[in-house]
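The values are calculated or read from the model by the stated rules, or taken from the named source; none is laboratory data. Note that the structure is a prediction, hence the values are computed from the model and not measured. A quick note on method: Cβ atoms are made from the backbone with ideal geometry, for glycine too, and the neighbour counts reach across all protein chains shown. The protein model used for the area step is the full one, side chains on, heavy atoms only, and it has no ligands, DNA or RNA in it. Shrake-Rupley method; radii C 1.70, N 1.55, O 1.52, S 1.80 Å.
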Amino acid sequence: MQGRPLFSLQETTIGFGGKPLFEDLTLHISEGDKICLIGKNGAGKTTLMNIITGLRDVDAGEIWQLQGITIGYLQQDVVPKPGQTVFDFVFEQMAADNTVEAHTYKVESIVEKLDLTITDRMDTLSGGQIRRAALARALVEDPDILLLDEPTNHLDLHVIEWLENYLRSYHGSIVCISHDKAFLSAFSNSVFWLDRGKLRVCPRGFAAFEEWATQLLEQEQREIKNREKILALEVDWASRGVPARRKRNVRRLGLMKDEREKLRRDKNSLNRLLARVDFGEVKLEDTSSKIVAEFIKVDKSFTQEDGTVKPILNNFSLRLQRGDRIGILGKNGSGKTSFLRLLVGELTPDKGKVKLAKTVAFSYFDQRRKDLDLTKSLWETLCPQGGDHVNVMGKMRHVVGYLKDFLFDPATATQPVGTLSGGQKNRLLLAKILADPQSFLILDEPTNDLDMDTLEMLEDVLMKYKGTLLIVSHDRDFLDNTVTQILAFEGDGTVNGVIGGYSDYLESQKAKTQPDKVTKPAAKSPPKHVEKLTPAPTPAPVTVAAKAAVKLSYKLQYELDNLPAKITALEQEIKTLQTTLADAKLYMEDPDTFNRAARRLPQAQESLATSEERWLTLEAMASGT
């Protein structure tokens, strides 16, 4: 049931930089709406958020807002006040009737769930912790419309899962921008898609968006093909017409010219939307050693401010082979980044050894982005030796064209790196690393501040990468699509290994908490290159979840789940069409219906055959047969 309307834009025009961003834009937010707002970089997502909050106005049209409602916004840029605690920051803009005593428990609960303490000083927090404090403030304010812009950045997986549950039961309306597909799928019930200056509304959550959008784009492709056919007939008519007839039909010729130009623009627009950057296969030199790195009984710990010793690794042994694709999970401070720094030689172990193959070479995406010189331009960053071309996996590409692949405006090529946003710096560092990746690629939280288009492009590149890959990420869908093993840093030196992606790790954790409900598989030895991982104080073997079948990605699983219904619908449609065409009188009595059915029948039969073949393929993948 649709709730009462809270906010509307009616036939609005919105400009940006002197150009119209939206024309005739209409949208509605009602009670209970949990909306994900998606679109390419520059599509207008942030502009739309600013209009809803009242930070900017529309150029034309009407804005309506239900009197008395409150709108809350996750702040992006928080400047900490000296000495201000997290508790004081969260309460800073609370309404006068919301007393501290009445809401202290709620504040403490939310702050604790976000891995902060209310007595922490804001001016001592890291950038990620400040962002979590801003999220706590937005949630505590409990507005009627809650606006969230990339809320999962810098959150650990267990915090993201808590936030999903919180938003799922949130009584108000939500508008959320995020690149995390699993996060959006967990709580959203509709999608606002900003596509080429238009707002398209999917009336279901993000879990159904890709299928819905695919159908929409396929329909658009069919319409363009039909328009091309009609235009071809018009051109043929004009070319064969006698001069006198052409002269009498100047208006028709003018309309034909206008349609040709409009068709060209629409076709180019659709092609740009569907275009994917193809980097080709990442070719790497073969190395003689199959083992590229090895941890041998490594100990590592750190002494904290209060004098206590925090163990990161205890008697830890691990063998990494060429071609391994490993995802790394764990809470902040559990040792993920320290493990990577030990691997590349930035840290030394307290005990034990870290051995590397002589031929191994690292490409390292550091979430701190220390390899970027903020004083250099984007051009100089990609072409440090000068010139205007970048060697991208053996092919010379002009630097501006390569920057466009990573969604940069050509005008930014000569700007200093220091003027870029966090997301833009991430994209630039990825562009630098992926131009010529080495045989061992390490990505430490690469998805923070990335939009979906860049994320999908990164997934495509990594799918073709043949070297050894380590990824630290909190993006579950990204891990499921890119890695085949998980190392989970559980804290206190405990490290568990699981074969598969994040979904497999989650299943293994559920099996541990519900031992009576799970039939335990026969014990399996871990892969030969994964030695015994030893937590403190008692040694224990790495936990490896048995996997008999390939774990499908979220997209493929969704497709498999929905194919039976699609096949049934096509079978019924074909049966109806055949019955219709079997009527001998139909052609004479209703030729239009006969022609439509005759055209549709072979299309439906072809679609059924394709769907059945696809279903068999996915079933085979899922069952491991």
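Taking the residues in region 103-133 that are part of a helix (DSSP H, G or I) and among the β-branched types (Val, Ile, Thr) as candidates, determine which candidate is modelled with the lowest pLDDT.
It comes out as Thr104.
Scanning for something modelled with pLDDT under 80, within 27 Å of Arg322 (Cβ to Cβ), open to solvent by 50 Å² or more (accessible area, probe 1.4 Å) and polar (S, T, N, Q), does region 507-526 turn up at least one residue?
Yes, region 507-526 contains at least one residue that is modelled with pLDDT under 80, within 27 Å of Arg322 (Cβ to Cβ), open to solvent by 50 Å² or more (accessible area, probe 1.4 Å) and polar (S, T, N, Q).
If we keep just the residues of region 134-163 that are under 25 Å from Leu506 (Cβ atoms) and assigned to a loop (DSSP other than H, G, I, E, B), which is modelled with the lowest pLDDT?
The first filter runs over region 134-163 and keeps only residues under 25 Å from Leu506 (Cβ atoms), leaving 135, 139, 148, 150-163.
Retained after the next criterion (residues that are assigned to a loop (DSSP other than H, G, I, E, B)): 150-156.
Working: Glu150: 88, Pro151: 90, Thr152: 88, Asn153: 82, His154: 77, Leu155: 83, Asp156: 82.
Ranking the qualifying residues of region 134-163, first place goes to His154.
Within region 143-169, which residues are polar (S, T, N, Q) and open to solvent by less than 20 Å² (accessible area, probe 1.4 Å)?
Of everything in region 143-169, those that are polar (S, T, N, Q) and open to solvent by less than 20 Å² (accessible area, probe 1.4 Å) turn out to be Thr152, Asn153.
Kindly indicate whether any position in region 561-573 is part of a loop (DSSP other than H, G, I, E, B) and either under 29 Å from Ser185 (Cβ atoms) or modelled with pLDDT of 75 or more (or both). Reasoning before the result, please.
Taking region 561-573 as the starting set, the residues that turn out to be part of a loop (DSSP other than H, G, I, E, B) are none.
Scanning region 561-573 turns up no residue that is part of a loop (DSSP other than H, G, I, E, B) and either under 29 Å from Ser185 (Cβ atoms) or modelled with pLDDT of 75 or more (or both).
Take Pro384 and decide whether it is assigned to a loop (DSSP other than H, G, I, E, B) and buried (at least 19 other Cβ atoms within 10 Å of the Cβ).
So Pro384 fails the test.
Conditions tested, residue by residue: (1) at pLDDT below 90; (2) of a type outside the set (Ser, Thr, Tyr); (3) over 19 Å from Arg397 (Cβ atoms); (4) open to solvent by less than 20 Å² (accessible area, probe 1.4 Å).
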residue: Leu430; (1), (2), (3), (4): yes, yes, no, yes
residue: Ala435; (1), (2), (3), (4): yes, yes, no, yes
residue: Leu441; (1), (2), (3), (4): no, yes, yes, yes
residue: Asp444; (1), (2), (3), (4): yes, yes, yes, yes
residue: Lys464; (1), (2), (3), (4): yes, yes, no, no
residue: Leu469; (1), (2), (3), (4): no, yes, yes, yes
residue: Val472; (1), (2), (3), (4): no, yes, yes, yes
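Here's the yes/no breakdown for (1) crowded, with 17+ Cβ neighbours inside 10 Å; (2) on the phi < 0 side of the Ramachandran plot; (3) part of a loop (DSSP other than H, G, I, E, B); (4) without any contact (Cβ under 8 Å) to a residue 12 or more places away in the chain:
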residue	(1), (2), (3), (4)
Ile312	yes, yes, no, no
Phe316	yes, yes, no, no
Gly323	no, no, yes, no
Leu342	yes, yes, no, no
Val360	yes, yes, yes, no
Tyr364	yes, yes, no, no
Asp371	no, yes, yes, no
Met396	no, yes, no, yes
Tyr402	yes, yes, no, no
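Specify which of the listed residues (Glu490, Glu456) is among the acidic types (Asp, Glu) and in a helix (DSSP H, G or I).
Values: Glu490 fails: in a helix (DSSP H, G or I).
The conditions single out Glu456.
Condition test on Ile35, is it without any contact (Cβ under 8 Å) to a residue 60 or more places away in the chain, closer than 30 Å to Tyr166 by Cβ and of a type in the set (Val, Ile, Thr)?
So Ile35 does not fit the description; no.
For Val100, indicate whether it is open to solvent by 40 Å² or more (accessible area, probe 1.4 Å), touching a Phe, Trp or Tyr at 6+ places or on another chain (Cβ under 9 Å) and modelled with pLDDT under 85.
yes
Return a yes/no flag: does region 482-491 have any residue that is under 16 Å from the mean Cα position of the chain (by Cα) and either buried (at least 21 other Cβ atoms within 10 Å of the Cβ) or at negative phi (or both). Walk me through how you get there before you give the answer.
The initial filter retains those residues of region 482-491 that are under 16 Å from the mean Cα position of the chain (by Cα), namely 482-483.
So of that shortlist, the ones also either buried (at least 21 other Cβ atoms within 10 Å of the Cβ) or at negative phi (or both) come out as 482-483.
Within region 482-491, one or more residues are under 16 Å from the mean Cα position of the chain (by Cα) and either buried (at least 21 other Cβ atoms within 10 Å of the Cβ) or at negative phi (or both).
Answer with yes or no whether Ile177 is β-branched (Val, Ile, Thr), over 19 Å from the mean Cα position of the chain (by Cα) and either modelled with pLDDT of 90 or more or open to solvent by less than 30 Å² (accessible area, probe 1.4 Å) (or both).
no
In region 181-203, which residues are open to solvent by less than 10 Å² (accessible area, probe 1.4 Å) and farther than 28 Å from Glu161 by Cα?
Matches in region 181-203: Asp195 only.
Can you tell me how many residues within region 205-220 are open to solvent by 40 Å² or more (accessible area, probe 1.4 Å) and in contact (Cβ under 8 Å) with a residue 40 or more places away in the chain?
So the answer is 2.
Conditions (1) closer than 27 Å to Glu456 by Cβ; (2) under 26 Å from the mean Cα position of the chain (by Cα), marked per residue:
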site: Phe16; (1), (2): yes, yes
site: Asp24; (1), (2): no, no
site: Gly32; (1), (2): no, yes
site: Ile35; (1), (2): yes, yes
site: Lys40; (1), (2): yes, yes
site: Gly44; (1), (2): yes, yes
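Need pairs with beta-carbon distance below 8 Å; first residue over 24 Å from Lys464 (Cα atoms) and within region 481-510, second in a strand (DSSP E or B) and of a type in the set (Asp, Glu); sequence gap 6+ or separate chains.
Asn496/Glu490
What's the number of the only condition in (1) farther than 19 Å from Thr468 by Cα; (2) open to solvent by 40 Å² or more (accessible area, probe 1.4 Å); (3) more than 26 Å from the chain's Cα centre (by Cα) that Lys331 fails to meet?
Answer for Lys331: the failing condition is (3).
For Val495, work out the one condition from (1) in a helix (DSSP H, G or I); (2) at pLDDT below 90; (3) crowded, with 24+ Cβ neighbours inside 10 Å it doesn't fulfil.
Of the numbered conditions (1) in a helix (DSSP H, G or I); (2) at pLDDT below 90; (3) crowded, with 24+ Cβ neighbours inside 10 Å, the odd one out for Val495 is (1).
Any residue at all in region 78-95 that is out of contact with any Lys or Arg (no Cβ under 6 Å at 6 or more places or on another chain), closer than 25 Å to Phe209 by Cβ and open to solvent by less than 70 Å² (accessible area, probe 1.4 Å)?
Looking for residues that are out of contact with any Lys or Arg (no Cβ under 6 Å at 6 or more places or on another chain), closer than 25 Å to Phe209 by Cβ and open to solvent by less than 70 Å² (accessible area, probe 1.4 Å), one finds none in region 78-95, hence no.
List the strands (runs of 3 or more DSSP E) that sit entirely inside region 2-66 and contain at least 2 residues that are modelled with pLDDT under 90 and open to solvent by 70 Å² or more (accessible area, probe 1.4 Å).
Per the criteria, 19-30.
For region 404-417, which residues satisfy the criterion of being surrounded by 12 or more Cβ atoms within 10 Å (Cβ to Cβ) and in a loop (DSSP other than H, G, I, E, B)?
Phe406, Leu407, Phe408, Asp409, Ala413, Gln415
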